[in-house]
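Participant: If you scroll down you'll find the structure; I have some questions about it.
The values are calculated or read from the model by the stated rules, or taken from the named source; none is laboratory data. Every value quoted in this text rests on a predicted model; they were computed, and no experiment measured them. Glycine gets a Cβ as well: all are built from the backbone with ideal geometry, and neighbour counts include every protein chain shown. Just the protein is used for accessible areas: all its heavy atoms, side chains included, with ligands, DNA and RNA removed. Shrake-Rupley method; radii C 1.70, N 1.55, O 1.52, S 1.80 Å.
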Amino acid sequence: MINFLKIVFSALFIFMCYKVISTSLERNLFEEWDFLGSIPWMRATLWDFYANIFIITLWMFYKEKSIILKISITILFVCLGSIATLAYVLVHLFKLKDGEGIKELLVKV
């Protein structure tokens, strides 16, 4: 199961990096911001994104000990979205020792 998750999360990480970079090269977000902000679905998507970030951040705060690390990772979550979230989970997946599973992934370090 853990190897499957490593593959899936790695593929998602690569895809999201590709998607963000290719979109950034095609259009500048800051030039599009006023237009995007006028679309109700875009505003709803942003609220949805930040609700998810809040939930993921609570889990990360539960797992991590260092306040500096907690603050740094929160900033990365907010600024990079799923790229930072996938990277965070991948780091913890690759830190698991043989025989450890989902429980060890989800509980405190």
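Participant: At 1.4 Å probe size, with the rest of the protein present, what percent of the exposed accessible area of the chain is carbon and sulfur atoms? Before the final figure, lay out the partial values.
Facilitator: Working: 5830 of 8140 Å².
Roughly 72 percent of what the probe reaches on the chain is carbon or sulfur.
Participant: How far is the Cα center of segment 77-98 from the Cα center of segment 38-70, in Å?
Facilitator: Each part reduced to its Cα centre gives a spacing of 14 Å.
Participant: Here's another thing I want to ask about it. With a 1.4 Å probe and all protein chains kept in place, how do Met1, Met60, Met16 rank by accessible area, largest first? Each step should come with its number before you reach the end.
Facilitator: Numbers: Met1 145, Met60 0, Met16 50 Å².
The residues order as Met1, Met16, Met60, largest area first.
Participant: At 25 °C and 0.890 mPa s, what whole-number value in µm²/s does Stokes-Einstein give for the translational diffusion of segment 15-109, with Rh from the Kirkwood sum over Cα pairs? Let's see the in-between values first.
Facilitator: Numbers: Rh = 15.3 Å.
My calculation gives 161 µm²/s for D.
Participant: Mean Kyte-Doolittle of at least 0.0 plus a Cα span of 27 Å or more along the axis: flag which DSSP H helices in the chain meet both, please. Spell out each step's value before the answer.
Facilitator: On the way: long enough: 2-26 (35 Å, 1.44); 40-63 (35 Å, 0.55).
Answer set is 2-26, 40-63.
Participant: Quick check: pseudo-label points 7 Å beyond the Cα along Cα→Cβ at Trp33 and Glu104, how many nm apart are they?
Facilitator: Computed distance between label sites Trp33 and Glu104 equals 4.4 nm.
Participant: Stokes-Einstein D for segment 62-109 at 4 °C, 1.567 mPa s, Kirkwood Rh over Cα pairs, in µm²/s? Mind showing how you got there, number by number?
Facilitator: Details: Rh = 11.5 Å.
For the chosen part, D equals 112 µm²/s.
Participant: Quick check for you: with a 1.4 Å probe and neighbouring chains kept, what is the accessible area per residue of the chain, in Å²? Kindly include the intermediate steps, with their values, before the conclusion.
Facilitator: Working: 8140 Å² over 109 residues.
Value returned for the chain: 75 Å² of accessible area per residue.
Participant: Sequence neighbours fewer than 8 away in the same chain don't count; with that in mind, list the aspartates and glutamates whose C-alpha is under 20 Å from Lys95.
Facilitator: Glu64, Glu104
Participant: Quote the relative contact order of segment 14-109 in percent (integer), defining contacts as alpha-carbon pairs under 8 Å separated by 6+ residues. Numbers along the way, then the final one.
Facilitator: On the way: 32 pairs, mean separation 26.1, N = 96.
Relative CO of segment 14-109 lands at 27 percent.
Participant: Can you report the principal axis dimensions of segment 9-48 using only the alpha carbons, biggest first, rounded to whole angstrom?
Facilitator: 33, 24, 10
Participant: For Lys70, Lys65, Lys108, what's the largest-to-smallest order of accessible area, 1.4 Å probe? Working shown, then result.
Facilitator: Numbers: Lys70 35, Lys65 160, Lys108 120 Å².
Heavy-atom accessible area, descending, gives Lys65, Lys108, Lys70.
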